[in-house]
Structure formats: C-alpha cells, structure tokens
1. List the lysines whose Cα sits under 19 Å from the Cα of Lys101, skipping any in the same chain fewer than 8 residues away.
2. Roughly how many percent of the accessible protein surface of the range 36-161 is carbon and sulfur, given a 1.4 Å probe and a whole-percent answer?
3. For Lys175, give me every one of the lysines with a C-alpha distance below 20 angstrom, ignoring sequence neighbours fewer than eight places off in its own chain.
4. To the nearest 20 debye, what charge dipole does the range 106-175 have about its Cα centre, counting +1 at the Cβ of each Lys and Arg and -1 at the Cβ of each Asp and Glu?
5. Given the Cα-Cα distance of Gln183 and Asn48 and 0.36 nm per residue of separation, how much length would full extension add, in nm?
6. Expected output is a single nm value to one decimal: the length gained when fully extending between Ser137 and Asn159, i.e. 0.36 nm times separation in residues minus the C-alpha distance. What is it?
7. How many percent of Cα pairs in the chain exceed 26 Å?
8. Assign unit charges at the C-beta atoms only (+1 for Lys and Arg, -1 for Asp and Glu), then state the dipole size of the chain relative to its Cα centre in Debye, rounded to the nearest 20.
Amino acid sequence: MNFRAPTLDPPEALALEALDTCSHPVVLLAPVEPLIVWRNGASRPFFNQHAISDGGGRIALPQRALQPVFDEFLDSVGEDPSSWVLAGSCLDDTLIFRCRKVVRSAAAIARMLTIHCPARPCTVVPDIRALFGLTRSEMKVLHCLIDGMKADALAGRLNITIETARTHIRRVYNKMDVSSREQLLALTNRYRVP
C-alpha cells in the first residue's frame, strides 16, 4: 500500500487563508506605494464602522488632516513592527495601527498592516491554569480581574457570594505569587496572545 502525501495549497494561499480568519483587520499594502493589495474579511465592516475609506486603493483616515502623518508612518516601517495611534474622541474611536514589511530574500514583498481598537482588545490570556495550579473557578475569577472587575461585580457575574469571590481572589493572588492587581495584570500580560 502506497502512502500519498496530501496536496497542499501554495504557502502564500495558506497564509492568506489564515490571515482571513483573524478577528481584527489585516491589510497587505504594496511594498513601496501604500496601495491595498489584499485585505481580510474583518477589514470591510471595521472600515465602515470607523469611517475609514479605501478609495483609489489607499487607506483614507476620517481625520483628513492626519493623513500625511499616517502616510509617513507607513513609508517609514521596516522589518520590525511599528505602531501608530489615531486618537479618537473616546476610547471606542481610538485606533492602533501596527505595520511591518514582509520580506522574502532581500526584497520587501508587502507591508502587513493590522488595526486594533484598544476598547476591544483582540488579545486574550490563554488557559494558564496548569502553569499556576488554578482551578476552573479561579481561572474564571482571573478573567474577571483582567477585565477590571472589582470583587462585587465579579461576584455578580459569576453568581457567587462576595465572600466566595474574595476567597477566590486571595487564592489566585497566592498561587500566582502577586500581592496587587497591578502585579497580577503585569504577570498575565506576559501570556497574552493574539
């Protein structure tokens, strides 16, 4: 019996398919001019929601006065990721643009731009229960603490008493060897993944 390896799509097609599943906008720009050559499915509704247009194949910001600064940011990116913030009237309107050149051999083949809204971060803390010896309940408490909840709000969300919530919080702090919310957030931020 002969074993046949499955035929795979070209790596570029697989990479684009993977990028298309991202929940945040991903846009590939030409290596020299900031022309859009590809974008994922999440980008169109995001652009509409934040009044970003793509007329002429270019990204146009809602604040037209900042367009030259944005274009300069895009022109200056290298192989290491660079970030630029477009401040809005509130946190929901603020956007973080992250861009880097995608290089093959000695030449850039594209610039990959991702767009994030700090009001709805796309990064999550993975299941780190085994790493710190947390129970499932304590992991739920940890997620609530990461979301900025105080003990009373946490108790309400998890449908537990305030005393039980405080007990879980103490146990999480002990197991993670931290003594404050700031230390807890700093520690968990190390494990965030997109």
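1. Hits, sequence-local ones excluded: zero.
2. Carbon and sulfur together cover 53 percent of it.
3. Lys140, Lys150
4. 60
5. Result for the pair: 44.8 nm of gain on full extension.
6. 6.8 nm
7. On the way: 9410 of 18721 pairs.
In whole percent, the share of Cα-Cα pairs in the chain beyond 26 Å is 50.
8. Details: 23 positive and 20 negative charges, 145 e Å.
Computed charge dipole of the chain: roughly 700 debye.
The values are calculated or read from the model by the stated rules, or taken from the named source; none is laboratory data. Since the model is a prediction, treat every value here as computed from it, not as a measurement. When we count neighbours, we look across all protein chains shown, and the Cβ atoms used for this are built from the backbone with ideal geometry, even at glycine. Accessible surface is based on the protein model in full, side chains and every heavy atom, while ligands, DNA and RNA are left aside. Shrake-Rupley method; radii C 1.70, N 1.55, O 1.52, S 1.80 Å.
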